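Since every read-out is calculated from the coordinates, none of them should be taken as a lab result. Here the structure is a predicted model, which means the values were calculated and not measured. Quick reminder, even Gly has a Cβ in these numbers, built from the backbone with ideal geometry, and neighbours come from all protein chains shown.
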Amino acid sequence: MQLDVRNVCLTYGDTPILNDTSFTLEPGEHALLLGASGSGKSSLLNIICGLQTPLSGSVSLGGEPVGDAVRKAHMGVIFQTLRLVSALNVRANLMLAQKLANGSPDGAKVDATLDQLGIAHRASARPFELSQGEAQRAAIARALVVSPKLLIADEPTSALDKGNTRIVAKMLIDAARNAGASLLVATHDDRLASHFARTLTLQDGKVT
Ligand SMILES: Nc1ncnc2c1ncn2[C@@H]1O[C@H](COP(=O)(O)OP(=O)(O)OP(=O)(O)O)[C@@H](O)[C@H]1O
């Protein structure tokens with residue numbers, strides 16, 4: 001599904017954050033969204049997910065305007081703070097994501113995804129019992145079990161050292177490729193650029 005970001009503007013109060021920003025991401029394409037801290041990456045991802053409304057402009061996925069329904073049906077999102085549900089173990093977090101996406105949990109897919117990401121042995125653990133790396137992989141698994149057409153990750157490697165940064169970047173790229181999903185990863189970490197064929201830069205409110 002093509003992601004189409006069209007002439008998006010956003011301000012917080014009088015402060016301009018996004019200034020007539022446009023780009024497209026083709027089906028299956030992988031891109032890095034690079035920008036300094038505070039440049040507006042998370043705000044732009046929130047708008048792309050339909051969690052935040054821009055001042056003007058539009059975002060569509062596969063020709064449909066984004067919103068709750070499109071996000072739940074077609075997007076897997078890995079938030080900067082992961083946002084795993086602390087009352088549920090890892091496996092139940094993934095099942096819940098499937099229920100919210102299309103109402104029908106698929107235990108076999110959940111188990112296969114945990115296995116693929118190397119955390120099947122932590123399926124019964126609650127989020128606070130996980131290491132940072134395990135929690136990150138659990139969040140990636142949760143984004144993947146809904147069979148997304150677009151996988152979005154916000155600063156997925158901010159807490160990681162160089163070795164683990166490379167591992168997580170490769171994990172996201174492989175996972176998106178296996179799922180046939182497009183991938184958009186936002187980061188201020190330009191070390192990730194070497195892993196991506198395309199880099200979008202967010203600067204002064206514009207993506208270039
Ligand atoms: N809800 C909000 N109300 C007012 N200002 C906000 C709000 N959310 C973000 N901002 C401000 O807008 C700017 C862009 O924030 P945003 O989180 O989108 O940037 P970012 O590029 O993701 O930053 P980081 O890499 O540090 O996470 C920052 O100056 C931030 O303080």
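Within the same chain, aspartates and glutamates fewer than 8 places from LYS149 are excluded, and of the rest, those with a Cα less than 16 Å from its Cα are ASP4, GLU26, GLU29, GLU64, ASP68, ASP174. Loop-located trypsin sites (Lys or Arg not before Pro) in the stretch 51-106 (DSSP state not H, G, I, E or B) with no more than 14 neighbouring Cβ atoms inside 10 Å: ARG83. Distance between the modelled labels on ASP68 and SER158, one decimal in nanometres: 2.6 nm (7 Å Cα→Cβ projection).
If we count every other residue with Cβ under 10 angstrom of GLY28's Cβ, Lys/Arg +1 and Asp/Glu -1, where does the sum land? Net local charge, GLY28 excluded: 0. Over all other residues within a Cβ to Cβ distance under 13 Å of ASP161, the charged ones net out to +2, with Lys and Arg as +1 and Asp and Glu as -1.
Normalised radius of gyration (Cα atoms, divided by 2.2 N^0.38 Å) for the stretch 101-171: 1.12.
The share of alpha-carbon pairs in the chain lying farther apart than 25 Å comes to 34%.
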